[in-house]
Ligand SMILES: Cc1ncc(COP(=O)(O)O)c(C=O)c1O
C-alpha cells in the first residue's frame, strides 16, 4: 500500500504556525471554544461540561444527527456522522475498491480524491476543470468517462480550490445519468452553503446521491473533527456504519457536542463565514484587477478559496516560497496537480485582510525581481 506524499499538508504544516498573513487556508474565520459555548443555552453548556467521556455511537450522537437532519430536511436515519469529511471519503473509496473498479474524480482536486483510490489500486479517471472554460465542469465529459465498472462519480461543489459551482440542473442531469447506470453519485459539499453567485441546493434532495459534509469549511470549526454523510440507501448506510466501527468506532464526544451547538445556532456560525468571505472577496477582486499583468484568476462562485495563476505560466512554488519570506502564506498549485496556479484562501483572515493584500501587492509588484535565489525547501 502506497499513499503519495500529502504535499499540501506538508507545506501548510511547515509555514502556517508561524506566519503573519494566512492566505493559504481553506477555512473561514476561526472560533474559540469560549465563543462557541457562548452561543449555547445554559442547558447546552451544562450538558457539554458534564457529559461522560465514554464512546459515542458509531452512527453519531442522536442530538447531533437530529440537528443535521433538520438542516437538510431529511429523515434522521439518513445521517451518518464521521470524523471529518476525510473519514467519509475514506469510507467511500474503501467500499468502492472492488476488482476492476474505477472512480471518476475532478482534476484539479483535493489530494485525497486521487490519493485514496490510487492507494487502494482503484483506477482513477479524471474530468478536467480548465481555466479556459472558467473551471466549469463539462457534464458530457464526465458521462463519457463512465463505463460498467464505474463505482462512483465524485463532484465537489462548491469546488476546492477553484470555487466553481454546479447548478441544480447540472446536478439533476448527473443524478439521472448515475441512477440509470447504478453508479454512486457523491457531492463533497463541505463549502455549501457559502456562495457568491447563484446558490445551489444540497444533493440531499436527490434520492440516489450521497452527501459528504463537515464542520471544517462553511462552519469553520475544523478542530471539532466532525463531518457527516447523508445517504438515502439503507444498504449503503449499513456498510458505512460497519466500516466506521472498524476505522474509528465513534467521534470524539466533546467535538460532537460542540458541533451540535454550532448546528443548532447555524445562522450565526454560517453567517460569520459568509460575511467575511463576501467582504474579502470584494477586496480580492480589486486586487486581482490591479495585478492582472502578473496574475490571472476566475472569481469563485462559492467557498472560501480562489485558484489564481501566474500569467507567465511558470511553476508557482518558487513564488509561494518567496511570499512566505514576506510573511504571506499561499499554497502552491502542484499540491493540486496544477503547478502554475496557487490557492488563495480569502475566508480565514477577518480583520487583517486589507493589510494582507497590501503586503501581497508589494510582493507581486516586485515579482520576479523579488525572487529569492535560495534553494527551495525539500519535501
Ligand atoms: C473538498 C474537501 N473535502 C474534504 C476535506 C476534509 O475535511 P475534514 O476532514 O476537515 O472535514 C477537505 C479539507 O480540506 C476538503 O477541502
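The values are calculated or read from the model by the stated rules, or taken from the named source; none is laboratory data. This is a predicted model, so every value here is computed, not measured. Here Cβ is always computed from backbone atoms with ideal geometry, including for glycine, and neighbour counts include all displayed protein chains.
Structure values in brief
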quantity	calculated
Residue match in the stretch 158-170 (condition: outside any loop (DSSP other than H, G, I, E, B), within 16 Å of the ligand (Cβ to nearest atom) and in contact with a helix residue (DSSP H, G or I) (Cβ under 6 Å, 6 or more places away or on another chain))	no
Residue in the stretch 108-128 that is free of Cβ contacts under 8 Å to residues at least 12 places away in the same chain and in a helix (DSSP H, G or I) present	no
Verdict on residue 198 being outside the structural domain of residue 72 (by TED's automatic domain parsing) and under 22 Å from residue 163 (Cβ atoms)	no
Test: residue in the stretch 132-150 that is in contact (Cβ under 8 Å) with a residue 60 or more places away in the chain, within 14 Å of the ligand (Cβ to nearest atom) and out of contact with any helix residue (DSSP H, G or I) (no Cβ under 9 Å at 6 or more places or on another chain)	no
Filter result for residue 112 (farther than 18 Å from residue 213 by Cβ and either at pLDDT below 95 or within 16 Å of the ligand (Cβ to nearest atom) (or both))	no
Unmet requirement for residue 59, which otherwise passes all of (1) modelled with pLDDT of 95 or more; (2) not assigned by TED's automatic domain parsing to the domain that holds residue 88	(2)
From 356, 285, residue being within 19 Å of residue 12 (Cα to Cα), in a helix (DSSP H, G or I) and not assigned by TED's automatic domain parsing to the domain that holds residue 168	356
Check on residue 64, at negative phi, modelled with pLDDT under 95 and either within 16 Å of the ligand (Cβ to nearest atom) or surrounded by fewer than 17 Cβ atoms within 10 Å (Cβ to Cβ) (or both)	no
Considering residues of the stretch 210-246 that are within 13 Å of the ligand (Cβ to nearest atom) and in a helix (DSSP H, G or I) only, the residue surrounded by the fewest Cβ atoms within 10 Å (Cβ to Cβ)	223
Hits in the stretch 173-201 (condition: in a loop (DSSP other than H, G, I, E, B), within 16 Å of the ligand (Cβ to nearest atom) and surrounded by fewer than 21 Cβ atoms within 10 Å (Cβ to Cβ))	193
Residue under evaluation residue 345, criteria (1) at pLDDT 95 or above; (2) in contact with a helix residue (DSSP H, G or I) (Cβ under 8 Å, 6 or more places away or on another chain), criterion not met	(2)
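Per-residue answers, yes or no, for (1) over 27 Å from residue 192 (Cβ atoms); (2) surrounded by 18 or more Cβ atoms within 10 Å (Cβ to Cβ); (3) under 26 Å from the mean Cα position of the chain (by Cα):
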{"residue": "14", "(1), (2), (3)": "yes, no, yes"}
{"residue": "18", "(1), (2), (3)": "yes, no, yes"}
{"residue": "27", "(1), (2), (3)": "no, yes, yes"}
{"residue": "33", "(1), (2), (3)": "no, no, yes"}
{"residue": "36", "(1), (2), (3)": "no, yes, yes"}
{"residue": "47", "(1), (2), (3)": "yes, no, no"}
{"residue": "51", "(1), (2), (3)": "yes, no, no"}
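For (1) more than 16 Å from the chain's Cα centre (by Cα); (2) over 14 Å from residue 69 (Cα atoms); (3) not assigned by TED's automatic domain parsing to the domain that holds residue 150, each residue gets a yes or a no:
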position	(1), (2), (3)
203	no, no, no
209	yes, yes, no
215	no, yes, no
218	no, yes, no
223	no, yes, no
